[in-house]
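Peer 1: Structure incoming, see below.
Derivation of every value follows stated rules applied to the coordinates shown; laboratory data play no part. Note that the structure is a prediction, hence the values are computed from the model and not measured. Cβ coordinates were reconstructed from backbone atoms using ideal geometry, including for glycine residues, and neighbour counts include every protein chain displayed.
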Amino acid sequence: KRPFGIAVAQLGPIQPSDSRASAVARLVEMMREAASLGARMVVFPELALTTFFPRYWMSDEDAIERYFEKSMPSAQTQILFDTSKNLGIGFYLGYAELTTDGHRFNTSILVDQTGKIVGRYRKIHLPGHADHKVGKPFQHLEKKYFEVGNEGFHVWQTMDARIGMCLCNDRRWTETWRVLALQGADIVAVGYNTPSVNIHWPEPPHLRMHSHLISLQAAAYQNTTWIAAAGKAGLEDGCHLFAGSVIVSPAGEILAQTQSEDDEVIYCKADLALADTFRQHIFNYGAHRRPEHYRLITER
Ligand code: ING
């Protein structure tokens, strides 16, 4: 099978005053670079069109809805789809989704090399809180602004591969990965926006990066999948998001990692057959997996 060129496009900060058009222009620029590297797909971060607005307490519905996309594509994002089609490169994009019947989700889409949306994922593990934590340096209000995803974890057959999606906090939950692996994911794309500061306890910053990386490396190895993880990073309105965008192989090895906290494209020519040996010998579900002993995971 021909190698699958995976690109991850890390975004630097998006300031509250930045327009969607300026964010989209940066994404298009990195899509072009990814295509020039030979990538079949480029993975963008979670909430890649706006600043990480769950850091703000807002009670005015109009102010909140300004951060949501009423349609996808929209006038401002159409150029991403046109460029995808013109360059023949697929992409994963994270954004805040407002459905026509008024529901709000933290969403990602999977778009194929013809610019067609082939899959959609709505974030299931929503971290943070819904109340106003007055006195904290910033909030983490994903439980206020988003509903829990209602479409499950899925894998789509597209661009000659089986591609799954998840979002940010999902990557810390082992169940996310096993449900995708049971659907035969060859590659899982995951965007994230992760604050360096923990508002709940004085967690050493290096441990934030540590838990991010071990979560992805363990997930890739234990679920025989490639992982393309794209962060939005840097100082947004004085709040720091960490970088550490990576491409991880089914061996659990980090094969590419960003060096900066800004817009940066990393690339890896992935051999999807690498997973086959692990699936044949170690993680051979048919031969070794014993679901009759795992019920507690779904019963509690
Ligand atoms: N951000 C963070 C994440 O899961 C977080 C929130 C950080 C939760 C560290 C727990 C520990 O990467 C989002 N957007 O989920």
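Peer 1: Suppose we take every Cα in segment 93-170 and form the convex hull; what volume per residue is that in Å³? Show your work: numbers first, answer last.
Peer 2: Working: hull volume 8.0 nm³, N = 78.
Looking at segment 93-170, the number lands at 102 Å³ per residue.
Peer 1: Among Gly94, Gly184, Gly164, which one shows the highest mean-square fluctuation when the chain is modelled as a Gaussian network with alpha-carbon springs under 10 Å?
Peer 2: Result: Gly184 has the largest fluctuation of those listed.
Peer 1: Another question about this same structure. Count the lysine pairs in segment 3-299 whose Cα atoms sit under 13 Å apart, keeping only pairs 8 or more residues apart in sequence or on different chains. Let's see the in-between values first.
Peer 2: Numbers: Lys85/Lys116; Lys123/Lys143; Lys133/Lys143; Lys133/Lys144.
Value for segment 3-299: 4.
Peer 1: Can you tell me the dipole magnitude for the chain around its Cα centre, using point charges on the Cβ only (Lys, Arg +1; Asp, Glu -1), in Debye to the nearest 20?
Peer 2: Values: 31 positive and 33 negative charges, 155 e Å.
With only Lys, Arg, Asp and Glu charged at Cβ, the dipole is about 740 debye.
Peer 1: Also, I was wondering about something else. Would you mind working out the magnitude of the charge dipole of segment 21-122 relative to its Cα centre, with +1 at each Lys and Arg C-beta and -1 at each Asp and Glu C-beta, to the nearest 20 Debye?
Peer 2: Working: 11 positive and 12 negative charges, 71 e Å.
Approximately 340 debye in magnitude.
Peer 1: Work out from phi, with θ = phi - 60° and the Karplus expression 6.51 cos²θ - 1.76 cosθ + 1.60, the ³J(HN,Hα) of each residue of segment 163-178, listed in order in whole Hz, and give x for Gly and Pro.
Peer 2: 10, x, 9, 8, 9, 6, 4, 3, 5, 8, 10, 4, 4, 3, 6, 5
Peer 1: With point charges of +1 on the Cβ of Lys and Arg and -1 on the Cβ of Asp and Glu, referenced to the Cα centre of segment 181-300, which listed residue (Tyr285, Cys268, Gly252) lies farthest in the positive direction of the dipole?
Peer 2: Farthest towards the positive pole: Tyr285.
Peer 1: Now for a different question. Residue by residue through segment 5-13, what is 3J(HN,Hα) from phi via Karplus (6.51 cos²θ - 1.76 cosθ + 1.60, θ = phi - 60°)? Round to whole Hz and write x for glycine and proline.
Peer 2: Going residue by residue, I get x, 9, 10, 10, 10, 7, 9, x, x Hz, with x marking Gly and Pro.
Peer 1: With +1 on each Lys and Arg Cβ and -1 on each Asp and Glu Cβ, how big is the dipole of segment 214-300 about its Cα centre, in debye rounded to the nearest 20?
Peer 2: Working: 7 positive and 11 negative charges, 142 e Å.
Computed charge dipole of segment 214-300: roughly 680 debye.
Peer 1: Still on this structure, I have one more. Residues with amide H under 5 Å of Ala256's amide H, sequence separation 5 or more or different chain, H placed in the peptide plane at 1.01 Å from N; which?
Peer 2: Ile247
Peer 1: In vacuum, with every alpha carbon of the chain counted as one equal point scatterer, what does the Debye formula give for log10 I(q)/I(0) at q = 0.07, 0.10, 0.11, 0.12 Å⁻¹? Two decimals, please.
Peer 2: For the requested q values the scattering log ratios are -0.24, -0.51, -0.62, -0.74.
Peer 1: In the Gaussian network model of the chain, springs joining C-alpha atoms below 10 Å, which of Gln183, Gln280, Gln217 carries the largest mean-square fluctuation?
Peer 2: Comparing Gln183, Gln280, Gln217 in a Gaussian network model of the chain, the most mobile one is Gln280.
Peer 1: 5 Å is the cut-off here: which amide hydrogens, built 1.01 Å from N in the peptide plane, fall below it relative to Ala270, excluding neighbours closer than 5 in sequence?
Peer 2: The list, which skips near neighbours in sequence, is Phe4, Gly5, Ile6.
Peer 1: A further question on this structure: Which Cα, out of Phe53, Tyr92, Gly164, lies furthest along the positive dipole direction of segment 3-299 (beta carbon charges, K/R +1, D/E -1)?
Peer 2: Going by the Cα projections, it comes out as Gly164.
Peer 1: Once each part is reduced to its C-alpha centroid, what is the distance from segment 243-286 to segment 196-218 in angstrom?
Peer 2: Here the answer is 20 Å between Cα centres.
Peer 1: If you don't mind, there's one more thing I want to ask. Name the long-range amide H neighbours of Ala48: under 5 Å, sequence gap of 5 or more, or other chain; modelled H, no Pro or chain starts.
Peer 2: It is Gly94, Tyr95, by chain and number.
Peer 1: Can you tell me what share of the DSSP beta bridges in the chain is antiparallel? A percent to the nearest 5 is fine.
Peer 2: On the way: 34 of 53 bridges.
Given both bridge residues lie in the chain, the antiparallel proportion sits at roughly 65 percent.
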